[in-house]
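Taking it in order: structure first as structure tokens, then the write-up.
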Amino acid sequence: RKMGKFWASPVSRALHRAQPWIRFLPPVGRSVVEELSALAPLSHLLFESSLEDLIESMEKNRIERAVVLSDPAKVSNDRILDLSESDPRFVAAVRVPRHFVEGKASDENRRERIFKFVRDAHSRRARILQIHPASDGFDPTSDYYAEQIDAAAAHGWIVLIQTGAPKVHLFYRRPEFSEITRFETWFSQWPKTPFVIARMNFSDPDGAMDQAEKYENLRL
């Protein structure tokens, strides 16, 4: 693992340096590069994906606290809640599972279940709600998200939105659903709720900065 991390680090750094320049490619070329770039970090994850790796990196870079994000399909809410409860260096950002709106779950009791989900997570020290429409495959205009934000606002939480519309269909159901302008009604409808704009709208960071200049409750 140590040798793997040693050899993978230069590649990882090169990819990070190259990523901001992808947005200057022509649309067709950018689509191809974005699809392929989604596969690039996979080999690095073989050597640097454990909790111990994260702690080592935090200590090396003098980072005192970190937000850990759940992904119900891969990293459960319970796992990151357990982590945040046991170690104050980690702040849990939970994500409402898709099954809340699938099948029989999409009934009139959905709002009650979402509020209970947030209430229970709050009792376990969660303070951030993560929303990822590109991964969920749901349009931001869905009541499903409005109910989540209502519940988060009731507890004074931060709402973290995964933004940008990268052409990465290998990992995202509907990449276009995370374009920053699709969330503008949220920023005005919940003016006292702080929104963190993760990834700064990906290939169009200027769009994220435009929104942040219009709404005081945004952080980039």
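The values are calculated or read from the model by the stated rules, or taken from the named source; none is laboratory data. Here the structure is a predicted model, which means the values were calculated and not measured. No Cβ is skipped: glycine too gets one built from the backbone with ideal geometry, and neighbour counts run over all protein chains shown. In case anyone asks, the SASA skips ligands and DNA or RNA and just uses the protein heavy atoms, side chains included. Shrake-Rupley method; radii C 1.70, N 1.55, O 1.52, S 1.80 Å.
Observations on the model:
- Computed from phi, the 3J(HN,Hα) profile of segment 17-33 under the Karplus parametrisation 6.51, -1.76, 1.60 (θ = phi - 60°) reads 5, 7, 3, x, 8, 4, 5, 8, 6, x, x, 5, x, 5, 4, 5, 5 Hz, with x in place of Gly and Pro.
- Relative to the compact-globule estimate of 2.2 N^0.38 Å, the Cα radius of gyration of segment 98-220 comes out at 1.04.
- Computed [θ] at 222 nm, deg cm²/dmol, the chain (DSSP H ≥ 4; -39,500 (n - 2.57); rounded to nearest 500): -13000 deg cm²/dmol
- Globularity ratio of segment 119-168, using Cα Rg and 2.2 N^0.38 Å: 1.23
- Split the accessible area of the chain by element, probe 1.4 Å, and carbon with sulfur accounts for 57%.
- Tail fraction, Cα-Cα pairs, segment 55-116, threshold 16 Å, whole percent: 57 percent
- Among 175-185, 7-17, sorting by the average number of other beta carbon atoms lying within 10 angstrom of each residue, highest first, gives 175-185, 7-17.
- The charge dipole of the chain, taken about its Cα centre with unit charges on the Cβ atoms of Lys, Arg (+1), Asp and Glu (-1) only, comes to about 540 debye.
- Rounded to the nearest 0.05, the FRET efficiency derived from the C-beta distance between Ile22 and Asp71 at R0 = 30 Å is 0.80.
- In the chain, a dipole from Cβ-located charges (positive for Lys and Arg, negative for Asp and Glu) runs towards its positive end, and of Pro175, Val28, Phe47 it is Phe47 whose Cα lies farthest in that direction.
- ³J(HN,Hα) computed for each position of segment 171-185 - Karplus, 6.51 cos²θ - 1.76 cosθ + 1.60, integer Hz, glycine/proline x: 10, 10, 5, 9, x, 5, 6, 9, 5, 4, 5, 5, 9, 4, 5
- Within a straight-line Cα-Cα reach of under 20 Å, Lys192 can be paired with the following lysines, leaving aside sequence neighbours fewer than 8 residues apart in one chain: Lys214.
- Between Val91 and Ala66, Val67, Val68, the built amide H atoms are under 5 Å apart, and every one of these is 5 or more places off in sequence or on another chain.
- Residue-wise HN-Hα coupling along segment 127-140, computed from phi with Karplus coefficients 6.51, -1.76, 1.60 (Hz; x: Gly, Pro): 9, 9, 9, 9, 10, 9, x, 4, 7, 5, x, 10, 5, x
- Dipole magnitude (debye, nearest 20) for segment 48-164, charges at Cβ of Lys, Arg, Asp, Glu: 260 debye
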